[in-house]
Amino acid sequence: MKIFRTLIIVLMVLIAAIAMGTIYKHLPSNTVSDYSFTDRYPVIENNHINFFYHPDTKEEVIEMIDKLSILHDLETEIFGETLPKVEPLEVIIVLQNTDDYNQAIKNYDSNVGGLYYRSDKRIVIFKEDVSNLSFAIETFAHEYGHYLFDLFLTKENISIDEVPQWFEEGICEYIRLQTVNTISFPGNTEDPPPFSKLHTPGDWRKYSFDFDVYYIARSAINYLVQQHGGKDVLSKILLNISEASTFENSFEESIGITLNELHRLLFQKKDELRNARLAQQNGDYDIAESIFLDIIAQYPDDEIALRGLAFMYEDLSRWEDALTIRLQLIERFPEFSNEFLYLSFLLTLFDRNEALEMSKQALELTKLDSIYDTKIVETWIDDLTKYNELIKINKYSDAYQHLLGNEQLSMNKSIVVALAEQMENEQLEIE
């Protein structure tokens with residue numbers, strides 16, 4: 001069980017690292033490409049945005065338009081108002097493996113997935129896979145964050161050179177994950193660079209080769225929002241730059257800690273998570289539980305700590321405690337299909353019908369993300385349905401054997417053992 005989970009996490013980290021390099025590689029703002037091919041593209045106008053799109057990406061455009069209401073809410077919450085949009089925004093969606101793509105990408109690294117041009121008010125999205133809907137939507141949300149950031153700085157007469165690259169990228173990542181709430185496993189963050197070394201675009205590019213700088217940046221923004229007054233604290237830091245003379249001074253005056261202290265707070269948590277895992281491996285469950293709970297108290301949305309605690313409770317057969325944490329996970333991450341699937345496994349011990357409902361929600365969410373295989377969830381739904389049918393006619397042994405045959409459930413041995421005991425007790429009551 002533990003080996004399987006470790007392999008899954010390693011695989012997802014690799015996938016996330018590849019995706020992160022593909023989606024948001026930073027580029028010089030003065031690089032120019034030829035987008036004249038968009039004269040042949042269909043156009044959809046929506047308020048201040050003109051979408052020019054490859055005909056095979058219309059579904060993505062419709063979804064982007066649908067997300068604009070969420071983006072507008074984030075705009076007002078972060079920047080305090082609906083920002084004036086004097087110039088229309090162009091959004092161009094180019095499909096890879098086409099002549100248009102080759103023309104548009106010729107001046108860039110082929111790993112680029114999205115760009116924002118400040119001077120032209122233009123977002124370009126390079127879509128790799130027709131079937132991967134969420135990729136384009138996430139990229140759009142991130143690049144739209146750059147657009148809003150640009151509008152705010154212009155309105156407030158703040159120079160882009162005064163604002164660290166990590167702060168802008170972190171806000172864009174925050175907007176992305178608030179718009180399309182996907183799982184984002186970090187890449188390398190071992191001994192990460194201080195924030196002072198992620199200030200310029202050149203700094204950002206330099207360290208992006210060796211570190212998951214996007215994870216570092218969004219971790220900082222998440223901390224500021226959760227621990228220091230909500231989303232509008234981000235714009236307050238920017239508005240105070242003029243009076244404080246530097247971003248660093250404004251940050252310290254607004255938040256009450258220095259950037260070095262922020263760095264220590266964020267990555268001290270990583271050390272604490274490591275200590276919790278080590279304590280768990282050594283059988284020191286009380287210590288592990290205490291560390292997990294302390295982290296969650298400070299960072300209520302820390303999915304790694306919440307998941308770690310849920311798995312530990314399940315391994316210890318502390319079912320009520322595990323259920324409490326699993327319910328917190330789906331409340332905090334309502335678009336994470338795997339959280340609903342894990343909850344469904346656990347609910348077989350409490351409420352078989354509710355377990356089936358959670359598995360159906362997991363399937364609907366899985367269909368929205370091409371990274372995950374729907375067959376795994378569909379098989380679980382079929383097995384759980386058959387299991388419930390056998391239980392209804394008091395065929396407990398057949399029901400148990402059928403459910404035990406599910407590959408995913410069988411990896412959680414503690415739940416399997418508890419189910420066996422539960423069905424034996426129910427059968428004894430019938431007899």
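The numbers here are math on the coordinates, done by the rules we state, and not lab data. This structure is a prediction, so every number in the text was calculated from the model and none was measured. We place every Cβ from the backbone using ideal geometry, glycine too, and count neighbours over all the protein chains shown.
Charging the Cβ of each Asp and Glu at -1 and of each Lys and Arg at +1, and nothing else, the dipole of the chain about its Cα centre rounds to 660 debye.
If you fit an axis through the alpha-carbon atoms of helix 319-332 and take the longest principal axis of the Cα set of the chain, what angle between them do you get, 0 to 90°, nearest 10? The two axes meet at around 20 degrees.
Within the listed set Asp161, Asp100, Asp302, the Gaussian network model of the chain (springs between alpha-carbon atoms below 10 Å) gives the highest mean-square fluctuation for Asp161.
GNM remark for the chain: springs join alpha carbons under 10 Å apart, and the peak mean-square fluctuation among Tyr144, Tyr35, Tyr116 falls on Tyr35. Which label belongs to the value computed from this structure, given these candidates for Cα extents along the principal axes in Å: (i) 65, 53, 43; (ii) 114, 41, 34; (iii) 79, 52, 36? Computed from the coordinates, Cα extents along the principal axes in Å corresponds to (iii).
In straight-distance terms, cross-link reach from Lys270 covers every one of the lysines whose alpha-carbon lies under 24 Å from its own, apart from those fewer than eight places away in the same chain; here that gives Lys2, Lys197, Lys206, Lys231.
Positive-end ranking of Val377, Gln226, Thr57 along the dipole of the chain, with charges on Cβ about the Cα centre, is headed by Thr57. For Lys269, the aspartates and glutamates whose Cα falls under 15 Å of its own Cα, not counting residues fewer than eight places away in the same chain, are Glu190, Asp191, Glu261, Glu289, Asp294, Asp301, Asp302, Glu303. Charge dipole of the range 341-419 (Cα centre as origin; +1 on each Lys and Arg Cβ, -1 on each Asp and Glu Cβ, all else neutral): 220 debye, rounded to the nearest 20. Counting DSSP beta bridges with both partners in the chain, what percentage is antiparallel, nearest 5? Restricted to the chain, the bridges split so that about 40 percent are antiparallel. Principal-axis analysis of the Cα atoms of the chain puts helix 2-23 at an angle of about 20° to the longest axis.
Treating cross-link reach as a plain straight distance, find the lysines whose alpha-carbon is under 23 Å from the alpha-carbon of Lys121, omitting any fewer than eight places away in the same chain. Within reach: Lys25, Lys58, Lys67, Lys85, Lys106, Lys155. Between the helical axis of 259-281 and the longest alpha-carbon principal axis of the chain there is an angle of about 20 degrees.
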